[in-house]
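Quick notes on the structure that follows.
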Amino acid sequence: MTRSVKAAVFGTGSWGTAFSMVLADAGCEVTLWGRRAGLVDAVNSTRTNPDYLPGVRLPEAVRATTDPAEAARDADFTVLVVPSQTLRANLTEWAPLLAPRTVLVSLMKGVELGTAKRMSEVIEEVVAKAPAGGAPDEVRRRVAVLTGPNLAKEIADRQPAAAVVACADEDVARRLQSACMTPYFRAYTNTDVVGCELGGAVKNVIGLAVGIADGMGLGDNSKATLITRGLAETTRLGLAMGADPMTFSGLAGLGDLVATCSSPLSRNHTFGTNLGRGMTLQETIAATKQTAEGVKSCESVLDLARRHGVDMPITETVVSIVHEGKPPVVALKELMSRSAKPERH
Ligand SMILES: NC(=O)c1ccc[n+]([C@@H]2O[C@H](COP(=O)([O-])OP(=O)(O)OC[C@H]3O[C@@H](n4cnc5c(N)ncnc54)[C@H](O)[C@@H]3O)[C@@H](O)[C@H]2O)c1
Ligand SMILES: O=P(O)(O)OC[C@H](O)CO
């Protein structure tokens, strides 16, 4: 008898929990790691995650633990889904516990502050440094990214959706694809890890910009302009970093932008809307109970853009509103009065 595929999911927030359901529905045995004993007990005893996905019943194949060694043991896939800015510290602790040759899967959509590294780069670096972690090239071939228009609540309700699984090694991407395909969740493979990760991280920044515009009472022309020009600046950065420009018209690019920029379920969009309505940054942070990655990653994305000599005016505008206190009306006026240029430059 062949044993079932085992997955460890590190992070019991909304996406970690929803993706555990996907893996379990696809036939995997899932161990979910959470840092709070109360929440872990609630998951095991009530089969729900009352803090992040209230009312959603979790499959029997999902069980939770606070012990990272127990979660990691024998895992074919180790899924990482904590806030991007804490990943390095978390993974440094977990790396010595990981199963040898486990596939490391990033579900995160952010860029590390200070280093401007993508999540897959942080994973490669930390795991390769760990005792028995593996040579950097070997580790890189088993780091995968899963991204796309995947609002956790809709996935947890088993509404049809699709995602991209990207890995430098296409066989690994195919293994992950088959480990997470369900009647409601469809995964496509890709080998453009850089493009897929950038799509996911930059859409959060554009989601903030669209939210700000919505909060200011602007209409659909403004929203469409921000989405399209946001995609243009994402593609420029991607090209400078060696990504395939076609990735940005796929699920990881346009697909995720559309979901994030149009949904009230998006934390980034909602964060922006609150700012656009006139809430202060502190009030907006206090009103945000979950991770809105773009708030921190707008700075690291801008850092990346500067390192690569790429112009990203919408990202720059978001940084000026979120971190420099520029009033949205002033920032908008400046964005609209930039020098005239061709659409493609
Ligand atoms: N929620 C979604 O719809 C969704 C979809 C796709 C991708 N993502 C990405 O998934 C990642 C996680 O987002 P989420 O929505 O699950 O966030 P969340 O806010 O719902 O949950 C975050 C989780 O991380 C834990 N956490 C917070 N600080 C921590 C720390 N210092 N150490 C360890 N754990 C910590 C929290 O306890 C919680 O379990 C983000 O990068 C996000 O962009 C989210
Ligand atoms: O809630 P957000 O803004 O983090 O977006 C969630 C997902 O990334 C949408 O694909």
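The values are calculated or read from the model by the stated rules, or taken from the named source; none is laboratory data. Computed from a predicted model, the values in this text were never measured in an experiment. Cβ atoms come from the backbone with ideal geometry, glycine included; neighbour counts cover every protein chain shown. Heavy atoms of the whole protein, side chains included, go into the accessibility calculation; ligands, DNA and RNA do not. Shrake-Rupley method; radii C 1.70, N 1.55, O 1.52, S 1.80 Å.
When only the Cβ of Lys, Arg, Asp and Glu is charged (+1, +1, -1, -1), the dipole of segment 6-191 relative to its Cα centre reaches about 220 debye.
Highest mean first, the peptides 13-22, 188-197 sorted by other C-beta atoms within 10 Å per residue fall in the order 13-22, 188-197. As I understand it, the dipole of segment 180-298 uses +1 on the Cβ of Lys and Arg and -1 on the Cβ of Asp and Glu, about the Cα centre. Which of 205, 263, 225 lies farthest toward its positive end? Farthest along the dipole direction, towards plus: 263. Using the Cβ-Cβ distance between residue 113 and residue 57 with R0 set to 35 Å, the FRET efficiency works out to roughly 0.40.
Looking at segment 97-206, the accessible area is 37 square angstrom per residue; that uses a 1.4 Å probe and ignores ligands, DNA and RNA. Looking at the square roots a ≥ b ≥ c of the eigenvalues of the Cα gyration tensor of segment 201-336, which shape do they give, rounded for a/c under 1.5, prolate if a/b is larger than b/c, or oblate? Taking the square roots of the gyration eigenvalues as a ≥ b ≥ c, segment 201-336 is prolate.
For the pair residue 66 and residue 289, label points projected 7 Å from Cα toward Cβ lie 2.1 nm apart. Of all lysines in the structure, not one lies under 16 Å Cα to Cα from residue 6 without also being fewer than 8 positions from it along the same chain. Antiparallel beta bridges, as assigned by DSSP with both residues in the chain, represent about 20 percent of the total such bridges. The stretch between residue 99 and residue 244, if pulled fully straight at 0.36 nm per residue, gains 49.0 nm over its current Cα-Cα span. Think of each Lys and Arg Cβ as +1 and each Asp and Glu Cβ as -1; about the Cα centre, that makes the dipole of the chain roughly 280 debye.
Kindly express, to the nearest 10 degrees and within the range 0 to 90, the angle between helix 14-25's C-alpha long axis and the longest C-alpha principal axis of the chain. With rounding to tens, the tilt is 50 degrees.
Listed by chain and number, the aspartates and glutamates whose C-alpha is less than 12 Å from the C-alpha of residue 203, apart from same-chain residues fewer than 8 away, are 233, 256, 293.
Overall shape: oblate for segment 57-136, with the ratio a/c of the largest to smallest alpha carbon gyration tensor axis at 1.5 or above and b/c at least equal to a/b. Taking all protein chains together and a 1.4 Å probe, the residues 117, 341, 296 rank 296, 341, 117 from largest to smallest accessible area.
Remark: accessible surface ordering of 119, 216 (largest first) is 216, 119, probe radius 1.4 Å. Helix-only arithmetic for the chain: the sum of -39500 (n - 2.57) across DSSP H runs with n ≥ 4, divided by the residue total, places the mean residue ellipticity at 222 nm at -14500 deg cm²/dmol. I'd like the FRET efficiency for residue 277 and residue 311, computed as 1/(1 + (r/R0)^6) with the beta carbon distance as r and R0 of 41 Å, rounded to 0.05. Efficiency, from the Cβ-Cβ distance: 0.90.
Under a model in which nothing but the beta-carbon of Lys, Arg (+1) and Asp, Glu (-1) is charged, segment 125-222 shows a dipole of about 280 debye around its Cα centre. Our summary gives the chain a relative contact order of 14 percent, counting only alpha carbon pairs under 8 angstrom and 6 or more residues apart. Legend: residues 52, 184, sorted from most to least accessible area (1.4 Å probe; ligands, DNA and RNA excluded), read 52, 184. Shape of the chain from its Cα gyration tensor (a ≥ b ≥ c, root eigenvalues): rounded if a/c is under 1.5, otherwise prolate when a/b > b/c, or oblate? In terms of gyration-tensor shape, prolate. In the chain, with Lys and Arg counted as +1 and Asp and Glu as -1 at Cβ, which of these residues, 113, 159, 302, has the Cα nearest the positive end of the dipole, that is, farthest along it? Farthest along the dipole direction, towards plus: 159.
Please work out the C-alpha center-to-center distance from segment 71-96 to segment 181-219 and express it in whole Å. Distance between centres, Cα-based: 23 Å.
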